[in-house]
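One structure below.
The values are calculated or read from the model by the stated rules, or taken from the named source; none is laboratory data. It should be emphasised that the depicted structure is a prediction, and the values quoted were computed from it without experimental measurement. All Cβ positions, even for glycine, are placed from backbone atoms using ideal geometry, and neighbour counts span all protein chains on display. To get the accessible areas, we keep the full protein, side chains included, count just its heavy atoms, and leave off ligands, DNA and RNA. Shrake-Rupley method; radii C 1.70, N 1.55, O 1.52, S 1.80 Å.
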Amino acid sequence: MRIGLLTEGGHPYATGEAGLWCERLVHGLGQHQFDLYALGPTGTPPPARPLPLPPNARPVRTGDVAAPDDETVPSRIERAAFGDDRASRRAYGRRERRRFTEAFHALATGLCAEHDETSFATGLYALADLARERGGLPGALRSDDAVRTLETACRAPGARRTAAAAGLPDHLAFADHLERALRPLSLDWYEEEALGAVDLCHATAGGTTALPGLLAKRFFGTPLLVTEYGVQLRAHYLSPAVADRSAPLRGLLAALHGRLAAEIYGQAALLTPGNAHARRWQEKCGADRARIRTVHPGLAADRFAEVGEDEESGDPATLVWVGRVEPAKDLVALLHAFADLRARQPDARLRIVAVPTGEPCADTYLTHCKGFAAQLFPDEAPVAHAVGENPVTFEELGGPEAPTLEDTYASAAVVVLSSVVEGFPTSLVEAMFCARATVSTDVGAVVEVIGGTGLVVPPRNPRALADACLALLRDPERRHRLGAAARARALELFTVEQNLAAFRGIYLELLSHAPVRHRPGDGVPFAHPAEAHVPGSWTHQAVTAGTGAPDA
């Protein structure tokens, strides 16, 4: 089978969990041919360790959907104020402009109207047809024609209250965002030798990443499979950048991502969320429950085998937290909880091990947490002439104190997760592979992952977090029992092998239901009997006299 794998900055152009998952998928399903299509900035430097491609995979196309617009919003406001429409007139002729305006008006109406479930899709596909036939769509989406059409849709009767309240800066900012989101419509991927040649499109995320698969289904009838380990619509709602926008602009952006998600979910042959939490988001966006199949992410369990089989490892008084340092992880609540715990068990220690992200906001939040920890826990010394030591340490994964994840988890009696927002908790699964008892907040897919193998407390409740951690620190037998159960659960549900087995079956299932398409040069199945491909003559069989058996 020939798979068109659609990624956003993914394999083989980026590292991280998404890249590793794609790498395992391609390497693990060697019987299929993978054509790799990556959305992302074409100028991005390659990773320090490029991911090797197996013989069954080849990069086909890269689409630049992140290049900045050369015209700023303030300059477009000034141009719109003086009625300068020359840029839009150069993009299309009269017929194309009328065609674009009609398509864009349908799309904008679907975004602005309170109860209109069809206009968005109608406009989206009309724009895709125009881009495929005539090109020039990015310029048209940035034109004054587009802004005026958007303003008309926002002011029309039946429009949402937030859309009606939008002003010119909101319209320009939204048009800019819309142009970026719809750049996949202008890619040169929709040809017979590109996506037209694949048997299945597998999008490794929803939203913009799945748009090429949506168009491949429209143009060629190619079935679409969408895998979401983090729901794009949810990520949009939680994005800090969105919170700084005006209320009308936030409403328009939410409508865009919501309508796009609903269309992708409605057209996909199958959705494979990574957990039940993501599945519930998809169902609320209109996805058909019968076309949803939960497939948990697969993690490499072998690297944690030695730690998981060593029941004696770990400091019985040490708590470990591992993850990206950001406000959603609520390290402040964790520090409050540890202060409560340490008042009742003075020998307890807390290791906060940060996974490097390279984001400036992570450094700011980490500095804040370090300062808060210094206030809560002044350096302590056992005697008057000894050097003090803080019971809370901040370390970086890969550093001298925490060279590997295995070493980090091996030092823990209990692994803690204190998040207020969480998708699929990878750190918890890694701790489970290491047979570590866990204490987690009830967010995202935590309960689904943990099952009954760890303690779960409400988020933003430091006292409950402290009580749960203290209960496990004071009960080694319970701690070891939960750790063993956690490891057995992780080995059953969250390994690479189970993930590959699931997608192996899904690919065959989707292909079995897809219509047969014959391409130039392909042989027609069953046009000749199977024995015609075997050397020798099978059409004449001389029957041995008296036995009825054919001659050898």
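For the pair residue 390/residue 114, report the inter-label distance in nm, with labels modelled 7 Å from Cα in the Cβ direction.
The two pseudo-label positions are separated by 5.4 nm.
Leaving out ligands, DNA and RNA, what percent of the accessible area of segment 389-504 is carbon and sulfur, probe 1.4 Å? Don't skip to the answer; put the middle values down first.
Working: 2150 of 4250 Å².
Carbon plus sulfur share of accessible area: 51 percent.
Taking the Cα-to-Cβ direction at residue 448 and at residue 96 and moving 7 Å from each Cα, how far apart do the two end points lie in nm?
4.5
Which lysines have a Cα lying under 21 Å from the Cα of residue 329, excluding residues fewer than 8 positions away in the same chain?
The reachable lysines, counting only those whose Cα sits under 21 Å from residue 329, are 370.
With θ taken as phi - 60° and the coefficients 6.51, -1.76 and 1.60, list the Karplus ³J(HN,Hα) couplings across segment 113-122 in order, rounded to whole Hz; mark glycine and proline as x.
After applying 6.51 cos²θ - 1.76 cosθ + 1.60, I find 6, 5, 10, 8, 9, 10, 5, 4, 5, 4 Hz.
Just to check I understand the Karplus step: with θ = phi - 60° and J = 6.51 cos²θ - 1.76 cosθ + 1.60, what whole-Hz values come out for segment 500-506, glycine and proline as x?
For segment 500-506, the Karplus curve yields 5, 4, 5, 6, 4, x, 5 Hz.
Accessible area per residue, 1.4 Å probe, Å², for segment 126-184: what's the number? Intermediate results must be reported in sequence, preceding the final value.
Working: 2270 Å² over 59 residues.
On a per-residue basis, 38 Å².
Could you pull the accessible area for residue 1 with a 1.4 Å probe, rounded to 10 Å²?
50
Please report the carbon-and-sulfur percent of the accessible area for segment 128-212; probe 1.4 Å, protein heavy atoms only, DNA, RNA and ligands left out.
Values: 1390 of 2870 Å².
The nonpolar share, carbon plus sulfur, comes to 48 percent.
Once the whole set of protein chains is in place, how much accessible area is left on residue 143, using a 1.4 Å probe, in Å² to the nearest 10?
Spelled out: residue 143, probe radius 1.4 Å, area about 10 Å².
May I ask you to list the lysines whose Cα is less than 20 Å away from that of residue 284, ignoring any residue fewer than eight positions away on the same chain?
none
Protein chains only, probe 1.4 Å: how do 272, 62, 118 rank by accessible area, largest first?
Working: 272 0, 62 65, 118 95 Å².
Of 272, 62, 118, the descending order of accessible area is 118, 62, 272.
List the residues, sorted by chain then number, that are 5 or more residues from residue 292 or on another chain and whose placed amide H is less than 5 Å from its amide H.
271
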